[in-house]
1. So, in the range 124-153, of the ones that are within 23 Å of Leu70 (Cβ to Cβ) and part of a loop (DSSP other than H, G, I, E, B), which residue ends up least open to solvent (accessible area, probe 1.4 Å)?
2. Is it the case that Ala156 is open to solvent by 50 Å² or more (accessible area, probe 1.4 Å) and at pLDDT 95 or above?
3. Where residues in the range 36-80 are modelled with pLDDT of 90 or more and among the acidic types (Asp, Glu), which of them is surrounded by the fewest Cβ atoms within 10 Å (Cβ to Cβ)?
4. Checking Arg213 against (1) in contact with a strand residue (DSSP E or B) (Cβ under 9 Å, 6 or more places away or on another chain); (2) open to solvent by 40 Å² or more (accessible area, probe 1.4 Å), which test does it fail?
5. Just the residues that are surrounded by fewer than 14 Cβ atoms within 10 Å (Cβ to Cβ), in contact with a helix residue (DSSP H, G or I) (Cβ under 6 Å, 6 or more places away or on another chain) and among the aliphatic types (A, V, I, L, M), please, taken from the range 170-195.
6. Going by what's in this entry, would Pro200 be described as surrounded by fewer than 16 Cβ atoms within 10 Å (Cβ to Cβ) and more than 25 Å from Ser90 (Cα to Cα)?
7. Looking at Val121, Val109 in this structure, which one is touching a residue at least 24 places away in the same chain (Cβ under 8 Å), surrounded by fewer than 19 Cβ atoms within 10 Å (Cβ to Cβ) and β-branched (Val, Ile, Thr)?
8. For the range 175-200, give me the residue count where each residue is assigned to a loop (DSSP other than H, G, I, E, B) and not polar (S, T, N, Q).
Amino acid sequence: MTTRPRGVTIRRDAGLYGYERALRRHGLGPVAGVDEAGRGACAGPLVAAAAVLPEGRSGVVPGLADSKLLTARARERAYDEVVRRALAWSVVVIEPGECDRLGMHVANVEALRRAVARLAVAPAYVLSDGFGVDGLRAPSLAVWKGDRVAGCVAAASVIAKVTRDRIMTDHHEVHPDYRFDVHKGYITPLHEERLAAHGPSAIHRRCFVNVRRAAAARSLESPPAPPA
């Protein structure tokens, strides 16, 4: 099910938790939100998260918003609040090699599906950000800019983003030349400069054309092997 349930109406001014309240009024609770981080990055893992927030005031998370709109410090505070308040939450990490094997869209849908499946509380309804997720055990609705208009999706967005940022900061300790702590694997001028200078690392995704181009350039620069 990828359309809004019949009879469910969400007012434009319903706020960040309007979708969940409307669905619960029609007996479709608990409601899970699911989102990902790192789909557009050319290095590092894809991370998906799912979250179920409680009803009432305890489910209203201070400072919660789309993770992309928050500062790093605000995301960390929101993350702590989400994991403390959530009825259930989960994280799935898809490593670069699996992203290459599956392709980014398939990897993304698979990660979102796994995140919902790992929730300790089975949702009666699932809200996703932007596009539908096939193969869920519960009906679902893809919400345009869901991480800005649905609290549970925003919560999942924060969990995914903070988890991935921490992973990329750890990768910086292993591969400091690339400055993964700054750009987190996304395609920025700094990242492109380091990628051209050093070639792809073990965590770069070969399914991205800029990574393949950098690998090809490095192979041309390498001197031929000496004769045996």
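The values are calculated or read from the model by the stated rules, or taken from the named source; none is laboratory data. Note that the structure is predicted; figures quoted are calculated from it, not measured. Using ideal geometry, Cβ is built from the backbone for each residue, glycine included, and neighbour counts are taken over all protein chains shown. These accessible areas exclude ligands, DNA and RNA; they are computed on the full protein's heavy atoms, side chains included. Shrake-Rupley method; radii C 1.70, N 1.55, O 1.52, S 1.80 Å.
1. For the range 124-153, the residue satisfying everything is Ala150.
2. no
3. So the residue we want is Asp80.
4. Going through the list (1) in contact with a strand residue (DSSP E or B) (Cβ under 9 Å, 6 or more places away or on another chain); (2) open to solvent by 40 Å² or more (accessible area, probe 1.4 Å), Arg213 breaks only (1).
5. Scanning the range 170-195 gives a single hit, Leu190.
6. The answer is no for Pro200.
7. Val121
8. 8
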